[in-house]
Number of protein chains: 6
Amino acid sequence: MSTLTHFDESGNARMVDVSDKDATERSATAKGSVYMSPTTLALIRDREVKKGDVLTVAQLAGIMGAKRTPDLIPLCHPLALTSVKVELQLDAARNAVDITATCKLVGKTGVEMEALTAVSVAALTVYDMVKAADKSMRIGDIRLVHKSGGKSGTYEAL
Amino acid sequence: MSTLTHFDESGNARMVDVSDKDATERSATAKGSVYMSPTTLALIRDREVKKGDVLTVAQLAGIMGAKRTPDLIPLCHPLALTSVKVELQLDAARNAVDITATCKLVGKTGVEMEALTAVSVAALTVYDMVKAADKSMRIGDIRLVHKSGGKSGTYEAL
Amino acid sequence: MSTLTHFDESGNARMVDVSDKDATERSATAKGSVYMSPTTLALIRDREVKKGDVLTVAQLAGIMGAKRTPDLIPLCHPLALTSVKVELQLDAARNAVDITATCKLVGKTGVEMEALTAVSVAALTVYDMVKAADKSMRIGDIRLVHKSGGKSGTYEAL
Amino acid sequence: MSTLTHFDESGNARMVDVSDKDATERSATAKGSVYMSPTTLALIRDREVKKGDVLTVAQLAGIMGAKRTPDLIPLCHPLALTSVKVELQLDAARNAVDITATCKLVGKTGVEMEALTAVSVAALTVYDMVKAADKSMRIGDIRLVHKSGGKSGTYEAL
Amino acid sequence: MSTLTHFDESGNARMVDVSDKDATERSATAKGSVYMSPTTLALIRDREVKKGDVLTVAQLAGIMGAKRTPDLIPLCHPLALTSVKVELQLDAARNAVDITATCKLVGKTGVEMEALTAVSVAALTVYDMVKAADKSMRIGDIRLVHKSGGKSGTYEAL
Amino acid sequence: MSTLTHFDESGNARMVDVSDKDATERSATAKGSVYMSPTTLALIRDREVKKGDVLTVAQLAGIMGAKRTPDLIPLCHPLALTSVKVELQLDAARNAVDITATCKLVGKTGVEMEALTAVSVAALTVYDMVKAADKSMRIGDIRLVHKSGGKSGTYEAL
């Protein structure tokens with residue numbers, strides 16, 4: 001049970017106490033995708049050359065979403081992120097919009113939830129902007145691909 | 001291009017004008033899952049009989065997340081939701097936590113983004129609470145399964 | 001158990017479904033007090049004739065706090081309040097700052113949580129502004145004194 | 001003094017009670033500009049043909065800012081906006097980025113503060129994105145140009 | 001008057017300048033109670049053995065509420081809390097739900113307002129979840145019981 | 001193009017990476033004005049001697065607005081401000097309410113956006129509180145007047 005650090009010895013949920021942790025440079029990268037029909041993907045691709053395209057709106061929403069993480073995830077610490085980067089790309093072979101987000105912090109706790117939240121909010125925004133054309137889209141494969149800094153060391157997804 | 005309603009004729013992103021739409025009862029249900037190792041799923045299942053369990057925290061986060069939708073998704077309308085319901089279940093066969101969210105509104109626009117956001121925030125919260133034990137979890141299969149009310153009629157996922 | 005409307009039949013917390021309720025004019029008034037030493041009360045009273053006094057800051061915080069209720073209380077509905085009024089008065093006999101808040105809505109659910117939240121945030125703000133002078137203050141007697149509109153009828157505290 | 005509706009008879013600030021007002025369609029348009037050097041304006045113009053340009057980011061920030069109005073302006077009512085539209089244009093003759101925002105609501109109170117807030121947040125975002133190149137920019141001429149709906153009738157700026 | 005640090009020499013409210021203060025480990029604990037009828041307390045107690053009970057919802061709301069302190073209290077500094085812990089217990093003898101919150105920070109300013117806000121939001125949430133059964137509940141005895149770190153030294157309530 | 005630091009080499013908007021910057025004491029001061037008719041200015045001046053006056057409400061809104069900067073401006077970093085000061089003064093000769101805001105931080109990035117946001121929100125609040133009397137007010141001359149700390153050195157507006 002000791003691995004579920006978000007509960008104290010009496011079984012109450014808690015924000016983990018990081019007061020005594022070192023402030024080190026931490027980084028996390030997460031990925032995810034929005035899967036859709038080829039027709040819908042083409043709609044996004046055709047917009048991409050214009051200003052105000054779907055990917056730009058989703059990218060900004062992802063950056064802003066990373067900053068809202070402690071408002072959304074009950075036990076996340078409020079953090080002063082030093083960097084947020086979100087990128088979206090179309091993969092016609094998989095009929096997917098692929099999203100990658102990297103967050104950084106010099107602080108006492110990891111930023112994987114911030115990167116995962118950025119990906120999720122960007123994915124939801126892609127969905128929102130295209131939903132009038134396609135109700136059967138699917139958001140998936142949201143996962144951590146890289147994490148560095150902090151006591152637990154570096155993690156790289158296989 | 002007319003299907004991308006979030007852009008005006010000049011190509012600018014916009015919040016769609018729903019001033020003239022009828023206020024009708026609208027409902028939307030979304031689903032999604034967090035996939036993990038059998039060991040991690042067992043950790044959650046073993047907590048489930050105690051107060052403060054992972055699923056309860058995630059369920060509340062999902063309900064609160066639905067209310068934050070217009071803060072997160074740039075072109076979503078602010079809405080006075082009349083109902084939010086979020087449920088989580090363990091599926092040992094698929095090593096998954098399955099999440100279902102239903103939102104309702106008597107208003108001028110659909111609530112599928114609210115239901116999808118509730119699922120996403122609940123999934124992120126499950127991830128957060130178990131991430132010390134398992135970094136290879138994957139959030140996926142977030143999709144709309146039901147939508148009713150409004151001009152476009154009822155939608156049921158196959 | 002039927003009186004705990006915030007749980008469904010399976011025992012899950014939920015935002016109560018008010019979709020089918022009538023939109024009527026609803027009003028709620030709450031009260032509360034901050035108790036302190038005579039010396040501290042005098043500090044506030046002496047400020048009161050100047051701009052930027054303690055009571056004015058707390059009154060505004062209470063009004064803004066009422067608007068944040070759905071962000072703070074997990075199962076509260078987001079509401080379009082039509083009126084918020086907060087008043088603070090000094091009672092030298094009881095060494096107290098007394099706070100009264102009234103909220104109104106034309107809608108489907110009551111506004112007592114909004115009035116109680118306004119009182120609580122105003123009380124916390126009084127505390128914050130005077131805490132350098134007095135750490136033994138006490139916030140108390142926060143309660144509903146009036147509620148009207150809706151199916152359950154009018155409530156007046158004794 | 002009766003014209004300062006945000007104060008009650010005792011001189012306390014209040015959110016004006018609109019419970020008894022009719023819910024009508026209301027619209028407001030505001031304008032404003034960011035003035036800068038010709039060199040800085042050229043930097044923005046040169047970006048404009050690419051994705052992720054300054055004007056697109058500012059336009060989205062303006063739309064999202066309109067939704068935050070009741071969080072920012074103490075005595076504004078929370079509103080369920082039905083439409084937000086923000087446009088930005090470069091005027092080389094005046095070395096200005098010109099911003100226009102229109103908000104709509106079917107409700108009990110006007111939306112001029114929402115339109116003015118959208119313009120202000122878009123202007124601040126333009127400033128933020130170009131400030132590394134030019135610290136002497138100036139935001140100005142933020143004003144209401146049109147307002148319709150509600151008891152006070154239609155207003156058009158000269 | 002020098003004890004009212006939230007005003008400058010001209011009488012304007014201000015956020016106290018802590019730029020030159022040392023960043024030290026700070027901790028604060030606050031307490032408070034919700035008083036109710038024996039019948040209402042029994043309703044909560046009977047729920048406690050199930051998932052989704054009243055105390056768990058209120059505990060999470062308290063933790064999240066602590067993070068919203070700078071949004072609610074006008075002159076509070078935004079802080080990167082390193083720990084938030086909220087506990088609720090039933091006291092049948094006093095017909096009370098007792099709430100204790102402890103916040104920690106390594107920073108330049110104290111965290112008593114965060115602890116007091118956590119208690120207040122948890123108390124409001126208890127009230128919200130039981131209000132259908134009992135409108136005469138009373139929130140009270142919210143006070144600081146411990147504070148350490150910073151120039152003013154350790155405070156313990158008698 | 002290198003001066004537009006909010007875009008990466010591929011043209012995507014990003015939050016600038018400040019992980020490697022030094023944490024130094026930073027300060028920024030911004031100014032702005034609300035211009036109105038002499039009659040409207042007199043309305044504000046006549047209120048000024050009472051509690052709850054227009055300038056006090058606007059001053060608090062400005063302080064709270066500074067704290068919301070990262071929620072409003074997409075690419076701004078979340079910051080733990082150590083000081084916010086907002087002042088408003090009437091200038092009868094120019095029929096103007098003049099606003100000055102100073103923000104401070106010990107951190108890795110400048111705080112000019114926080115100061116400019118404080119001025120903007122205070123100006124919008126003045127507008128809101130007087131708009132029933134005067135729809136032709138104009139918010140203008142919002143600019144940076146001082147900035148110190150950080151690699152780019154001290155800036156003083158001419």
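Compute the label-point distances linking F:H146 to its equivalents in the other copies; points lie 7 Å from Cα along Cα→Cβ; give nm, one decimal, shortest first.
The projected label point of F:H146 is separated from its counterparts by 4.3, 4.3, 4.3, 4.9, 6.3 nm.
Most fluctuating residue of F:S148, F:S83, F:S136 in a GNM of chain F with Cα springs under 10 Å: which is it?
F:S136
With +1 on the Cβ of every Lys and Arg and -1 on the Cβ of every Asp and Glu, and nothing else charged, how large is the dipole of the range D:88-158 about its Cα centre, in debye rounded to the nearest 20? Please report the intermediate quantities before stating the final value.
On the way: 9 positive and 8 negative charges, 43 e Å.
Computed about the Cα centre, the dipole is about 200 debye.
Ordering D:T24, E:T82 by accessible area with a probe of 1.4 Å, largest first, what comes out?
Values: D:T24 45, E:T82 10 Å².
Highest to lowest solvent-accessible surface, that is D:T24, E:T82.
Quick one: label points 7 angstrom along Cα→Cβ at E:R45, distances to the other copies in nm, smallest first?
Shortest to longest, the spacings are 3.4, 4.4, 6.7, 6.7, 7.8 nm.
In degrees from 0 to 90, rounded to the nearest 10, what is the angle of the helix C:38-47 Cα long axis to the longest principal axis of chain C?
Roughly 90 degrees, rounded to the nearest 10.
If you stretched the chain out fully between D:D134 and D:Y155, how much longer would it get, using 0.36 nm times the residue separation minus the C-alpha to C-alpha distance?
Extra length from D:D134 to D:Y155 when fully extended: 3.9 nm.
Could you tell me what a quarter of the Cα convex hull surface of the protein assembly as shown works out to, in nm² with one decimal place? Please list the in-between numbers first.
Numbers: hull surface 139.0 nm².
The number I arrive at for the protein assembly as shown is 34.7 nm².
In units of 2.2 N^0.38 Å, what is the alpha-carbon radius of gyration of the range F:10-65? Could you put the intermediate results ahead of the total?
Details: Rg = 19.6 Å, N = 56, 2.2 N^0.38 = 10.2 Å.
Cα-based Rg divided by the globular estimate yields 1.93.
How large is the direction-averaged shadow of the alpha-carbon convex hull of the range C:70-152, in nm²?
Details: hull surface 26.7 nm².
Mean shadow area of the hull around the Cα atoms is 6.7 nm².
What does the charge dipole of the protein assembly as shown about its Cα centre add up to, to the nearest 20 debye, if the Cβ of each Lys and Arg holds +1 and the Cβ of each Asp and Glu holds -1?
Values: 120 positive and 114 negative charges, 0 e Å.
Around 0 debye, computed over the protein assembly as shown.
Just round it to a whole percent: the fraction of Cα-Cα distances in the range C:1-42 exceeding 13 Å. Can you show the working numbers first?
Working: 644 of 861 pairs.
Pairs farther apart than 13 Å: 75 percent.
Rounded to two decimal places and with Rh computed the Kirkwood way over Cα pairs, what is Rg over Rh for the range F:1-146?
Numbers: Rg = 17.3 Å, Rh = 16.3 Å.
In the range F:1-146, Rg relative to Rh is 1.06.
Working with all protein chains in place, sort C:V111, C:V16 by solvent-accessible area computed with a 1.4 Å probe, largest first. Please list the in-between numbers first.
Details: C:V111 0, C:V16 35 Å².
Sorted by accessible area, descending: C:V16, C:V111.
Taking the Cα centre as origin and putting +1 on Lys and Arg beta-carbons and -1 on Asp and Glu beta-carbons, what dipole magnitude results for the range A:27-144, to the nearest 20 debye?
Working: 15 positive and 12 negative charges, 22 e Å.
Charge dipole of the range A:27-144: 100 debye, to the nearest 20.
Report B:H6's accessible area, 1.4 Å probe, all protein chains in place, as a number in Å² to the nearest 10.
It works out to around 10 Å².
Could you work out, for the range C:42-98, what percent of all Cα-Cα pairs fall into each 5 Å distance bin, beginning at 0 Å and stopping at the bin that holds the largest distance?
4, 16, 22, 18, 14, 11, 10, 5, 0
How big is the gap, in Å, between the Cα center of the range C:80-99 and the Cα center of the range D:10-76?
33 Å
At 1.4 Å probe size, what's the solvent-accessible area of D:D22? Round to the nearest 10 Å².
Counting only protein heavy atoms, the figure is 110 Å².
Relative contact order of chain D: what whole-number percent is it, with Cα pairs under 8 angstrom and at least 6 residues apart? Please list the in-between numbers first.
Values: 318 pairs, mean separation 56.9, N = 158.
Averaging sequence separation for qualifying contacts and normalising by length gives 36 percent for chain D.
Counting pairs of alpha carbon atoms under 8 Å apart in space and at least six apart in sequence, what relative contact order in percent does the range F:85-158 give? Don't jump to the answer; show the numbers that get you there.
Details: 70 pairs, mean separation 15.9, N = 74.
Reported relative contact order: 21 percent.
Give me the one-decimal Kirkwood hydrodynamic radius in Å for the range D:112-158, with the sum taken over alpha-carbon pairs.
Numbers: mean 1/r = 0.0796 Å⁻¹.
Result for the range D:112-158, one decimal place: 12.6 Å.
Excluding ligands and nucleic acids, what accessible area in Å² is computed for B:I44 using a 1.4 Å probe, to the nearest 10?
0 Å²
Filter the GluC sites (Glu not before Pro) in the range E:1-88 to those in DSSP coil with at most 11 other Cβ atoms within 10 Å of their Cβ, and list the result. Working shown, then result.
Details: sites: E:E9, E:E25, E:E48, E:E87; in loops: E:E9, E:E48.
Sparse-neighbourhood loop GluC sites (Glu not before Pro): E:E9.
The values are calculated or read from the model by the stated rules, or taken from the named source; none is laboratory data. In this text the structure is predicted, and so the values were computed from the model without any measurement. Every residue, glycine among them, receives a Cβ derived from its backbone with ideal geometry; neighbour counts consider all protein chains shown. Heavy atoms of the whole protein, side chains included, go into the accessibility calculation; ligands, DNA and RNA do not. Shrake-Rupley method; radii C 1.70, N 1.55, O 1.52, S 1.80 Å.
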